[in-house]
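The values are calculated or read from the model by the stated rules, or taken from the named source; none is laboratory data. Owing to the predicted nature of the structure, the values given are computational and were not obtained by experimental measurement. Cβ placement follows ideal geometry from the backbone for every residue including glycine, while neighbour counts extend to all protein chains displayed. In case anyone asks, the SASA skips ligands and DNA or RNA and just uses the protein heavy atoms, side chains included. Shrake-Rupley method; radii C 1.70, N 1.55, O 1.52, S 1.80 Å.
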Amino acid sequence: MITREFGWTNVQVPVIGQGTWMIEGNPEAERNAIEALQAGIELGMTHIDTAEMYGGGRAEQLVGDAIRGRRESVFLVSKVLPSNASYRGTLHACQQSLRRLDTNYLDLYLLHWRSHYPLGETMRAMEELADAGEIRFIGVSNFDTPAVQEAQQSLRRHRLASNQVLYHLGDRGIERRLLEYCRREEIAVVAYSPFGHGAFPAPDCKGGRVLGEAGARHNRTPRQVALNFLARHPHVFLIPKSSRAGHTRENSGGAGWELTPEDLAAIDRAFPAPTRDVPLGMI
Ligand code: NAP
């Protein structure tokens, strides 16, 4: 898996990583999910995204199982729930996540979405966690440009590393302003739900045919084409979720090759970006 610099951090992170929302389930489903995560790690998809919210902590436990013995090779990300994001709540939530993940540090810790607690309070706790070495980098999620600016201004000793936002072929709203702002500020943009969270274009619809035709020209699948299109910006990272090793292997083929300008134009026409500003999409 090819890597790129994660914003200003000097850390190389794979272009395509792995999501973990809804990986919990019955024992067989969970075994498959762990196997898929481990297959992804073998393929270099070492950016693993989880959250205290997912499965009420169960996803973090499964990630902990999947990365046991290989923690150092993983770029591990978790998130604090807005309802826990008071100063004390953030410190406590992080300890709980570390325990479930069976590790003593996170590579990146995010505020999952905007909280009713003052941002400065959450960021003060984040900075303390960073000072203590319990998290390496601080980030946010579901923040539009003005909120990102506010988060940057709330930080005193550390710099905002990342913003995780919705980005898929059916929702290209971040291309209006947010993407460019983050590029200028060297903030890594992590695209969540890159397949639209289960709403991937069917092969027989117009957009699905465009993806299929581009894929046929490069010997790639429509999903690999979609991932490649989204990763065409040099500061974007993707975290598709898959609970089967076969899917994960397919997804790993989304990077490391290039769509032609004609392919890009055809995909752009089939899945147009909005022509005016729209509220940041959120799932
Ligand atoms: P997604 O990655 O867009 O799509 C996941 C769906 O695609 C699953 O049903 C999965 O099925 C299927 N899939 C994956 N690879 C496939 C393949 N090669 N062939 C066929 N089907 C495939 O959706 P997502 O889980 O919403 O988003 C990804 C990650 O982003 C999440 O898991 C989470 O870590 C993060 N996220 C963050 C936020 C936030 O607020 N920050 C919000 C949403 C998501 P199988 O499971 O059967 O493989």
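Points worth noting:
- Entry note, the chain: the mean residue ellipticity at 222 nm calculated from DSSP H runs of n ≥ 4, each adding -39500 (n - 2.57), is -12000 deg cm²/dmol after division by the residues and rounding to the nearest 500.
- Centre-to-centre, using Cα atoms only, segment 121-182 and segment 64-111 are separated by 16 Å.
- Over all Cα atoms in segment 189-277, the spread is summed up by Rg and Dmax: 12.6, 39 Å.
- If you wrap the Cα atoms of segment 35-194 in a convex hull and average its projected area over all directions, you get 9.3 nm².
- Percent accessible area from carbon and sulfur atoms, the chain, protein chains only, probe 1.4 Å: 48 percent
- Per residue value of the accessible surface for the chain (all protein chains in place, 1.4 Å probe), Å²: 43 Å²
- Put Y167, Y192 in order of accessible area, highest first, and with a 1.4 Å probe you get Y192, Y167.
- Sequence of W8, W257 when ordered by accessible area, the most exposed leading, probe 1.4 angstrom: W8, W257
- Calculated P(r) of the chain - Cα pairs past 24 Å, %: 48 percent
- Here the label points at D102 and S73, each 7 Å from Cα along the C-beta direction, are separated by 1.6 nm in the simple model.
- Taking the chain and dividing mean pair separation by its residue count, relative contact order in percent (alpha carbons under 8 Å, at least six apart): 22 percent
- Diffusion constant of segment 115-217 at 37 °C, which comes from Stokes-Einstein with the Kirkwood Cα-pair radius and 0.692 mPa s, µm²/s: 210 µm²/s
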